[in-house]
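To keep things clear, I will list the structure first and then write my remarks on it.
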Amino acid sequence: MNGTAELKMVSSEGLYLEVDGKGYFAAFKNFPYMADLPISQLFSVKYCGDGDIRWEEADIDLNVEILARPEDFPRIMHPVAAASEFGRKGGSIRSARKSAASRRNGNKGGRPRKITDSLTKG
């Protein structure tokens, strides 16, 4: 691991990084989770080898390929949005195991009904 990674500049639009002597601009519109980081965390970027860089305190890993062509990696998103997206996709997957669990639940009477209090209805 002989390479270097250094944050050279922060603007309202994004970050300018130098990785192994080559410059990259990371726009906040492509990396929105970077915009919320404190300046001290932004400057603590480390080179990990093979073009990989890491912000340890923020638990963020990127590769220079992503920095060079963010449009080719559209799945990079804010962690909350990512969790929501993965949950939605996971819930829509059909498998033999999920089908069997659903049948067992149905044999027990299905999903419990929601209990509503007549006082809370408006």
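Points worth noting:
- Leading residue by the ranking (farthest from F73 (Cα to Cα)) among those in the range 1-26 that are touching a residue at least 40 places away in the same chain (Cβ under 8 Å) and exposed (fewer than 15 other Cβ atoms within 10 Å of the Cβ): M1
- Any hit, the range 47-57, residues being hydroxyl-bearing (S, T, Y) and either farther than 20 Å from K8 by Cβ or in contact (Cβ under 8 Å) with a residue 24 or more places away in the chain (or both): yes
Yes or no, residue by residue, for (1) surrounded by fewer than 10 Cβ atoms within 10 Å (Cβ to Cβ); (2) in contact with a helix residue (DSSP H, G or I) (Cβ under 9 Å, 6 or more places away or on another chain); (3) at pLDDT below 90; (4) within 13 Å of P32 (Cα to Cα):
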position	(1), (2), (3), (4)
E57	no, yes, no, no
I66	no, yes, no, no
P74	yes, no, yes, yes
M77	no, yes, yes, yes
G87	no, no, yes, no
G90	yes, no, yes, no
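- Scanning the range 58-70 for residues that are in contact (Cβ under 8 Å) with a residue 12 or more places away in the chain and charged (D, E, K, R) yields a total of 2.
The values are calculated or read from the model by the stated rules, or taken from the named source; none is laboratory data. Model, not experiment: these values are computed from the prediction. Note that we place each Cβ from the backbone using ideal geometry, even for glycine, and neighbour counts take in every protein chain shown.
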